[in-house]
Amino acid sequence: MDLSESILAILRSYHRGKARAITRKALLTLCYEAGYQVSDRELRAIYAELPVCTSDKGIFWPETTAELDEYRRYLKAKAIPLFKRWNRVAAAHPELIDTRQKELFP
């Protein structure tokens, strides 16, 4: 079982729902105890690709519609400022924008 599968199994089994979220530090400790030498940055990249939620409580496997909705709102709140930032940069450098593709994610 690779590290991604191990993390997913841990979250599905023991950290279902926001109330049972695990902190990144605790998850990193579990990885080390299981023999995985992974940095905090690598761990964040791994769980960012998994179908899990994050919150101020930690990382968890969502159990309710409300948890998913809260996570969607959290991500939207982060995405909108990033999109606005992109628009400012793109507007300042129109000569560098491919006129065939002016979208954020071509």
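For residues in region 12-43 being within 14 Å of the chain's Cα centre (by Cα) and assigned to a helix (DSSP H, G or I), which is surrounded by the fewest Cβ atoms within 10 Å (Cβ to Cβ)? Within region 12-43, the match that is surrounded by the fewest Cβ atoms within 10 Å (Cβ to Cβ) is Arg41.
Please specify each residue of region 53-87 satisfying the condition of being acidic (Asp, Glu) and touching a Gly at 6+ places or on another chain (Cβ under 7 Å).
Kept after step one, since they are acidic (Asp, Glu), are these residues of region 53-87: 56, 63, 67, 69-70.
Listed by number, the residues that qualify are Glu63, Glu67.
Does at least one position in region 60-68 carry a residue that is at pLDDT 95 or above, in contact with a Pro (Cβ under 7 Å, 6 or more places away or on another chain) and in a helix (DSSP H, G or I)? Looking for residues that are at pLDDT 95 or above, in contact with a Pro (Cβ under 7 Å, 6 or more places away or on another chain) and in a helix (DSSP H, G or I), one finds at least one in region 60-68, hence yes. Taking first residues from region 74-102 that are in a helix (DSSP H, G or I) and partners that are modelled with pLDDT under 90 and surrounded by 10 or more Cβ atoms within 10 Å (Cβ to Cβ), the Cβ contacts under 7 Å between residues at least 6 apart in sequence or on separate chains come to Phe83/Leu104; Trp86/Leu104; Ala90/Ile97.
The values are calculated or read from the model by the stated rules, or taken from the named source; none is laboratory data. These figures come from a predicted structure and were not determined experimentally. Glycine also receives a Cβ, built like all others from the backbone with ideal geometry; neighbour counts cover every protein chain displayed.
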